[in-house]
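Scroll down for the structure; my scribbles are underneath it.
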Amino acid sequence: MTVKITKWLLLLVAFKVVVMLVVAQFYTDPRRDITAREQLCRAFNPNTVFIGTSRTQYGIDPALFDALNRQKTRSYNFGIFSLSPYSSIQIADDMLSANPAVKTIYIELSALDYSTVALPPQQVVQDAVFRARLLAGCPDIGLQEKTGSFLAGLNTTLFQMVSIAPQVLSAKKALTPGTDPIEGGANLLPNGYQSVTTALSKTSDRIAANKTSTEQMLAVRPQTQRNTYYISRICQLIARAAQQDRKVIFYYPNNMTRGEQLILSQVAPFLPVENLIQLPEQPLFDALFKPENLFDAHHLNRKGAAVYTRFLQEESARR
């Protein structure tokens, strides 16, 4: 029975690869494909890269960052939808190995419990192990919630690997690109940034919940309990960069979910101060949650990105 299941899985993966190769000839969304994004990044030839989830994609304006740095930086926005912590570290690790032109790597400190990035089969197990060990190191999350979160995330990852649904969606976008910032086509600038001008008209319960979770994160103080696995992986990456006279700096996203806050509260207080940028104090903090600075509950529009980018630049100049 196990052999039959394995054969069917291999057949499904092979079929998906064929479909993926065919669809890729017509359209690939670089916001959902790491390989495609790496190619765009290399073509831009940056010396500074921001790696993160969709919050980074819409929240950091590289052109503004470079202007504030008087063009001493040439930065690229490497935002990938629902990028997992494992993939973020892996991308940075690959850059340290293969792209000596990149001197500074900024990484969004995140802990999403799902990933819609299509991982190669050989990385699926590694991503699952990373996620399991990350959750295991968080005592504030109950066993039932940990198990449910892990299985849900694994299910999403496997779906991306064996299903052709992502390729069907890509084909649909190629034929009828929509105007929605996320579900529509990728309108990336050469520096990787996608600017959105629309704004919300009012605050929602979801925005309020994210703000509460993020505020709790800012109030966290060093505790005896720490997520040693995640911290060790981050510190290994920081140390490797330092050995090459390069720098890795982690930064808080513009908002956090409750699940992320529970995990990251066991991580952030124990990271080196010079390698971590937290969120601003009031009143700048409130600006990140104003409806006029958001186009949905999680993502900043161009106006909000200007606020967030200016803050990151000011903090990075101190490091």
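The values are calculated or read from the model by the stated rules, or taken from the named source; none is laboratory data. Given the structure is predicted, the values throughout are model-derived calculations rather than measurements. Neighbour counts run over all protein chains shown; Cβ positions are idealised from the backbone, glycine included.
Does Gln236 meet the test of being at pLDDT 95 or above and either over 19 Å from the mean Cα position of the chain (by Cα) or in a helix (DSSP H, G or I) (or both)?
Working: at pLDDT 95 or above: yes; either over 19 Å from the mean Cα position of the chain (by Cα) or in a helix (DSSP H, G or I) (or both): yes.
Spelling it out, Gln236 is indeed at pLDDT 95 or above and either over 19 Å from the mean Cα position of the chain (by Cα) or in a helix (DSSP H, G or I) (or both).
Tally the residues that are surrounded by fewer than 19 Cβ atoms within 10 Å (Cβ to Cβ) and in a loop (DSSP other than H, G, I, E, B), restricting the search to the stretch 60-72.
The qualifying residues number 4.
Assuming Tyr193 fulfils every condition listed in (1) at pLDDT 95 or above; (2) of a type in the set (Phe, Trp, Tyr); (3) assigned to a helix (DSSP H, G or I) apart from one, which condition is it?
Going through (1) at pLDDT 95 or above; (2) of a type in the set (Phe, Trp, Tyr); (3) assigned to a helix (DSSP H, G or I) one by one, Tyr193 breaks only (3).
Only residues that are without any contact (Cβ under 8 Å) to a residue 24 or more places away in the chain and not in a loop (DSSP other than H, G, I, E, B): list them for the stretch 274-288, please.
Hits for the stretch 274-288 are Asp286, Ala287.
When the stretch 279-319 is examined, which residues are found to be more than 19 Å from Thr198 (Cα to Cα), at pLDDT 95 or above and among the basic types (Lys, Arg)?
Selection gives Arg310 alone.
Sort out which residues of the stretch 241-264 are modelled with pLDDT of 95 or more, outside any loop (DSSP other than H, G, I, E, B) and touching a helix residue (DSSP H, G or I) at 6+ places or on another chain (Cβ under 8 Å), and write them in order of number.
Ala241, Lys247, Val248, Ile249, Phe250, Tyr251 - these are the residues of the stretch 241-264 that are modelled with pLDDT of 95 or more, outside any loop (DSSP other than H, G, I, E, B) and touching a helix residue (DSSP H, G or I) at 6+ places or on another chain (Cβ under 8 Å).
Are any of the residues in the stretch 289-301 under 29 Å from Ile231 (Cβ atoms) and part of a helix (DSSP H, G or I)?
Within the stretch 289-301, not a single residue is under 29 Å from Ile231 (Cβ atoms) and part of a helix (DSSP H, G or I).
All but one of (1) touching a helix residue (DSSP H, G or I) at 6+ places or on another chain (Cβ under 7 Å); (2) farther than 20 Å from Ile60 by Cβ; (3) in a helix (DSSP H, G or I); (4) of a type outside the set (Lys, Arg) hold for Met217; which doesn't?
For Met217, the exception is condition (2).
Restricting attention to the stretch 265-307, and to residues there that are out of contact with any helix residue (DSSP H, G or I) (no Cβ under 7 Å at 6 or more places or on another chain) and of a type in the set (Phe, Trp, Tyr), which single residue is surrounded by the most Cβ atoms within 10 Å (Cβ to Cβ)?
By that ranking, first place goes to Phe295.
When the residues of the stretch 179-194 are narrowed to those that are in contact (Cβ under 8 Å) with a residue 60 or more places away in the chain and more than 20 Å from Tyr251 (Cβ to Cβ), which ends up surrounded by the most Cβ atoms within 10 Å (Cβ to Cβ)?
Within the stretch 179-194, the first condition is being in contact (Cβ under 8 Å) with a residue 60 or more places away in the chain, and the residues that meet it are 181-182, 185-186, 188-194.
When the remaining residues are screened for being more than 20 Å from Tyr251 (Cβ to Cβ), the result is 181-182, 185-186, 188-190.
On the way: Pro181: 21, Ile182: 17, Gly185: 17, Ala186: 19, Leu188: 18, Leu189: 13, Pro190: 11.
Restricting to residues being in contact (Cβ under 8 Å) with a residue 60 or more places away in the chain and more than 20 Å from Tyr251 (Cβ to Cβ), the top hit is Pro181.
All but one of (1) modelled with pLDDT of 95 or more; (2) within 19 Å of the chain's Cα centre (by Cα); (3) among the acidic types (Asp, Glu) hold for Asp33; state the number of the condition that does not hold.
Tallying (1) modelled with pLDDT of 95 or more; (2) within 19 Å of the chain's Cα centre (by Cα); (3) among the acidic types (Asp, Glu), Asp33 fails exactly one: (1).
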